[in-house]
1. Which pairs do you get when a residue that is assigned to a loop (DSSP other than H, G, I, E, B), found in the range 28-49, comes within reach of a residue that is loosely packed, with under 11 Cβ neighbours inside 10 Å, reach meaning Cβ atoms under 9 angstrom, with the pair 6+ apart or on two chains?
2. Could you identify the single residue in Glu203, Glu162, Glu211, Glu179 that is of a type in the set (Asp, Glu) and in contact (Cβ under 8 Å) with a residue 60 or more places away in the chain?
3. Can you pull out the strands (runs of 3 or more DSSP E) entirely within the range 70-175 that have at least 1 residues that are under 26 Å from Tyr24 (Cα atoms) and under 20 Å from the mean Cα position of the chain (by Cα)?
4. So if I check each of Asn281, Asn271, which one is at pLDDT below 95, more than 26 Å from Val317 (Cα to Cα) and surrounded by 13 or more Cβ atoms within 10 Å (Cβ to Cβ)?
5. In this structure, is Thr173 surrounded by 14 or more Cβ atoms within 10 Å (Cβ to Cβ) and either within 16 Å of Trp126 (Cβ to Cβ) or in contact with a Leu (Cβ under 9 Å, 6 or more places away or on another chain) (or both)?
6. Go through (1) in contact (Cβ under 8 Å) with a residue 60 or more places away in the chain; (2) buried (at least 17 other Cβ atoms within 10 Å of the Cβ); (3) of a type in the set (Gly, Ala, Ser); (4) part of a helix (DSSP H, G or I) and name the single condition Ser189 misses.
Amino acid sequence: MTIPNTLKITPVVSGEQSEADFLYFPQQIYKKEEWMQSVSEEQAQISGQHPLSSTYTFQAFNGYQDGQMVIRGALIKPHHLEDYYFGYFEAVDDATVMIQFIQKLSDKVRNENGQRIVGPVQGSFWLGYRMKVKGFERTPFTSEPHNPAYYPKLWQEAGFKEIEHYTSNFYRTIPPQYESKKLAKRYQSFVEKGYRFVSPKPEDWPTVSLEVFELLRVLYKDFPLYQEVTAEQFSQIFADLKQVIDFSMVKLAYKDQQLVGFLITLPDYGNLIYRKMTVLNLAKILYTRWRAKRYIILYLGVDSKHLGLGLAMSYPVFKQIKQRKSEVVAALIHENTVTNRYVPEMQKDSHDYSLWMLKLD
């Protein structure tokens with residue numbers, strides 16, 4: 001595909017120079033401390049060897065101008081949807097380049113009778129989606145969607161419109177004298193009702209994670225972009241999570257031996273886990289896991305029959321974070337979710353993210 005005299009767009013082929021260009025391009029866009037790319041994931045997508053490759057078709061594209069790469073992205077067609085996803089996007093700050101790139105990919109979607117493109121989506125709900133639209137002053141926290149501040153404008157120029165909005169709330173270090181009576185009271189009330197709150201052991205995680213998966217697939221089924229996966233696919237996607245979790249900061253709630261709630265936090269490693277695993281970086285990861293300065297609430301889920309349990313599960317984490325004198329981020333909460341307002345008096349800032357859609361004529 002070529003646009004005369006301007007942008008040359010080429011499909012990415014596994015094992016060829018086009019793949020190397022695709023994989024290297026983000027390093028031209030981001031500062032070292034902001035580079036959050038999983039090269040192994042992108043290679044698996046391009047080669048069709050990702051655990052979820054059987055659930056969609058995937059084609060990546062590079063855009064070159066005067067012999068220099070200036071934009072990249074991938075079209076993903078989920079087998080269970082009529083919509084197309086657009087992901088793994090990176091580009092220079094040039095609206096003309098963006099418009100030409102999207103026009104050409106839109107033509108491809110139209111030729112295959114597609115009517116809508118949704119993004120950014122890195123292939124699936126399970127792998128990452130959303131674009132940051134507010135909060136560019138800080139370096140990104142682990143798992144945060146991150147992009148240059150000019151990306152939202154590029155997407156708007158190309159005709160995309162926001163369809164969903166999300167927030168990450170940042171909470172300050174808890175003063176020694178502060179106590180949340182609301183959290184403490186809620187926790188105690190659930191204990192008195194026979195609920196059991198536990199932190200799993202690392203050796204139990206393969207079994208416990210599947211319990212979480214079974215509850216999560218029920219709770220998240222109505223989320224935007226949710227996609228069913230098998231237990232095996234889930235385990236493969238999140239296999240590395242065990243290596244970086246501080247299990248003392250994972251809380252599971254049981255009632256009558258049944259898992260009815262979970263709260264999974266992760267130490268904030270910044271982009272350490274995406275870097276080359278040198279001895280120094282490994283030491284930094286181990287130290288951060290032992291004593292993080294900030295924790296990220298990644299997943300919080302409660303069976304609908306146990307309303308109010310979310311606050312109760314938060315209390316043991318609240319006490320541990322207070323003791324460790326750490327901060328916390330409640331990450332990537334949909335704007336209509338009740339957990340968007342937990343302990344508002346301790347909140348100090350927020351980052352915002354959007355999901356976008358392009359409707360084709």
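1. Pairs found: Gly48/Ser54.
2. On the way: Glu203 fails: in contact (Cβ under 8 Å) with a residue 60 or more places away in the chain; Glu211 fails: in contact (Cβ under 8 Å) with a residue 60 or more places away in the chain; Glu179 fails: in contact (Cβ under 8 Å) with a residue 60 or more places away in the chain.
From the options Glu203, Glu162, Glu211, Glu179, the qualifying one is Glu162.
3. Values: elements: 84-91, 116-119, 131-134, 161-171.
Of the strands (runs of 3 or more DSSP E) lying wholly inside the range 70-175, those with at least 1 residues that are under 26 Å from Tyr24 (Cα atoms) and under 20 Å from the mean Cα position of the chain (by Cα) span 84-91, 116-119, 131-134.
4. On the way: Asn271 fails: more than 26 Å from Val317 (Cα to Cα).
Answer to the selection: Asn281.
5. Working: surrounded by 14 or more Cβ atoms within 10 Å (Cβ to Cβ): yes; either within 16 Å of Trp126 (Cβ to Cβ) or in contact with a Leu (Cβ under 9 Å, 6 or more places away or on another chain) (or both): no.
It is false that Thr173 is surrounded by 14 or more Cβ atoms within 10 Å (Cβ to Cβ) and either within 16 Å of Trp126 (Cβ to Cβ) or in contact with a Leu (Cβ under 9 Å, 6 or more places away or on another chain) (or both).
6. Checking Ser189 against (1) in contact (Cβ under 8 Å) with a residue 60 or more places away in the chain; (2) buried (at least 17 other Cβ atoms within 10 Å of the Cβ); (3) of a type in the set (Gly, Ala, Ser); (4) part of a helix (DSSP H, G or I), the one that fails is (2).
One line per residue, one yes/no per condition, for (1) among the basic types (Lys, Arg); (2) closer than 24 Å to Phe141 by Cβ; (3) at pLDDT 95 or above:
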| site | (1), (2), (3) |
| --- | --- |
| Pro11 | no, no, yes |
| Ser18 | no, no, yes |
| Leu23 | no, yes, yes |
| Gln28 | no, yes, yes |
| Lys31 | yes, yes, no |
| Ile46 | no, no, yes |
| Gln49 | no, no, yes |
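The values are calculated or read from the model by the stated rules, or taken from the named source; none is laboratory data. Predicted model only: the values in this text are computed from it and were never measured. With ideal geometry, Cβ positions are generated from the backbone for all residues, glycine too; neighbour counts draw on all protein chains shown.
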